[in-house]
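Computed from the coordinates by the stated procedures, all read-outs in this text should not be read as laboratory data. This structure is a prediction, so every number in the text was calculated from the model and none was measured. Cβ sites come from the backbone with ideal geometry, for glycine too, and all protein chains shown count toward neighbours.
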Amino acid sequence: MAIILNQKNVTDENTNKRIGIEFPFQRGDYIDGYFKSTSLTIDAVKADLINLLNTNVGERVFQPELGTNLRNFLFEQSTPSLNAGVRQRIEQQVKKYLPYIQILELSVNNPEVQFAQPGTTDNTTMLIKIKYSVPAASLVADLTIPVSS
């Protein structure tokens, strides 16, 4: 995860300049290095956010508090308080580890089960939708990420 330390914003004018590692990890070519890299700020920020959401607390060496533990919320009864807890956890971790991102909208939903009674939700999957901005770069983007067991 990148931490901004009073640096100027990286512009996207030079696509030969690599900013971060693309997600999901892929083998890079001779220009990217070992892993395929991102050359746009919005792609690097998106990869950072996806990595934070998919990381469980304790998985990251030397940063044991990094992560959201979203999989721990699976199989729980879907209630407004559970969804509020998930939103709070995401907001806390983004504020701590990705301070250059501002969350504009955040929703947590359980999709409906197909071929079941209407209104029956699937508590084995969460659908997280985030609209976020990077104020330093004047960028706004959306991210939808399913979390499942």
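Can you give me the C-alpha center-to-center distance between the stretch 42-78 and the stretch 122-149, rounded to a whole angstrom?
Between the Cα centres of the stretch 42-78 and the stretch 122-149 lies a distance of 12 Å.
Determine the sum of side-chain charges near Leu106: Lys and Arg each +1, Asp and Glu each -1, restricted to other residues whose C-beta is under 10 angstrom from that of Leu106.
On the way: positive: Arg87, Lys129, Lys131; negative: Glu91, Glu105.
Around Leu106, the surrounding residues sum to +1.
Take the alpha carbon gyration tensor of the stretch 58-148, find the square roots of its eigenvalues, order them as a ≥ b ≥ c, and report rounded if a/c is under 1.5; if not, report prolate when a/b exceeds b/c, else oblate.
Details: a/c = 2.57, a/b = 1.52, b/c = 1.69.
Note, shape of the stretch 58-148 comes out oblate.
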